[in-house]
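One structure is given here, and the rest of the page talks about it.
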């Protein structure tokens, strides 16, 4: 269980880095990473968070990169991309991947595939495919679980806020309940609509 716990935490941090770097959010990255030029020019490592990080949080003894480009621009964004690259390459090499050629009878052709040998390898491979395919991750507004967003037809819509229908329905019911609660406290329909980012017609229907 300790291995899985550590891997889940490392994956969480890596996806957070990728998201902030993709958004060019240097401020958010500054809460996670720091320059340590006093030790090595261009050295970027993880900050030690407060309170004490959970087991598996990346250690500066294990993770850190020297990024001349980041130092030159005083910008954490390129350093974050390089750190995600380092984490991904390390984990992909740690958890065995097998390269195979498979006959595809539908296409009447051979297909080259990279097949994970263990489940953790499959998870890191999926993340690698997502970042190399310019996909994004977003945290579900309801449960906080990261889910993939893609512009591809089969991907989830860019404006999607929830990882699954169950979370969407739960959030909907909670908004209805909140509307009734605010109405009982004497707030007007227009104020309730503004607070819940809805419209007056919807709010009127909820508080019937």
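The values are calculated or read from the model by the stated rules, or taken from the named source; none is laboratory data. The model shown is predicted, which means the values in this text are computed figures rather than measured ones. All Cβ positions, even for glycine, are placed from backbone atoms using ideal geometry, and neighbour counts span all protein chains on display.
Filtering the stretch 116-137 down to residues that are at pLDDT below 75 and in contact with a strand residue (DSSP E or B) (Cβ under 7 Å, 6 or more places away or on another chain), which residue is surrounded by the most Cβ atoms within 10 Å (Cβ to Cβ)?
Checked the stretch 116-137; the qualifying residue surrounded by the most Cβ atoms within 10 Å (Cβ to Cβ) is 136.
Scanning the stretch 11-34 for residues that are touching a strand residue (DSSP E or B) at 6+ places or on another chain (Cβ under 9 Å), crowded, with 19+ Cβ neighbours inside 10 Å and over 17 Å from residue 132 (Cα atoms) gives 13, 33. Residue by residue through the stretch 96-123, note down the ones that are more than 23 Å from residue 5 (Cα to Cα) and either outside any strand (DSSP E or B) or in contact with a helix residue (DSSP H, G or I) (Cβ under 8 Å, 6 or more places away or on another chain) (or both). Those that are more than 23 Å from residue 5 (Cα to Cα) and either outside any strand (DSSP E or B) or in contact with a helix residue (DSSP H, G or I) (Cβ under 8 Å, 6 or more places away or on another chain) (or both): 105, 106, 107, 108, 114. Among the residues of the stretch 186-201, those that are touching a helix residue (DSSP H, G or I) at 6+ places or on another chain (Cβ under 7 Å) and surrounded by 15 or more Cβ atoms within 10 Å (Cβ to Cβ) comprise 189, 192, 193, 196.
Scanning the stretch 153-185 for residues that are loosely packed, with under 11 Cβ neighbours inside 10 Å and either at pLDDT below 90 or assigned to a loop (DSSP other than H, G, I, E, B) (or both) yields 153, 154, 157, 158, 159, 165, 185. The set of residues in the stretch 42-62 being at pLDDT below 70, touching a helix residue (DSSP H, G or I) at 6+ places or on another chain (Cβ under 7 Å) and surrounded by 12 or more Cβ atoms within 10 Å (Cβ to Cβ) consists of 42, 54, 56, 57, 58.
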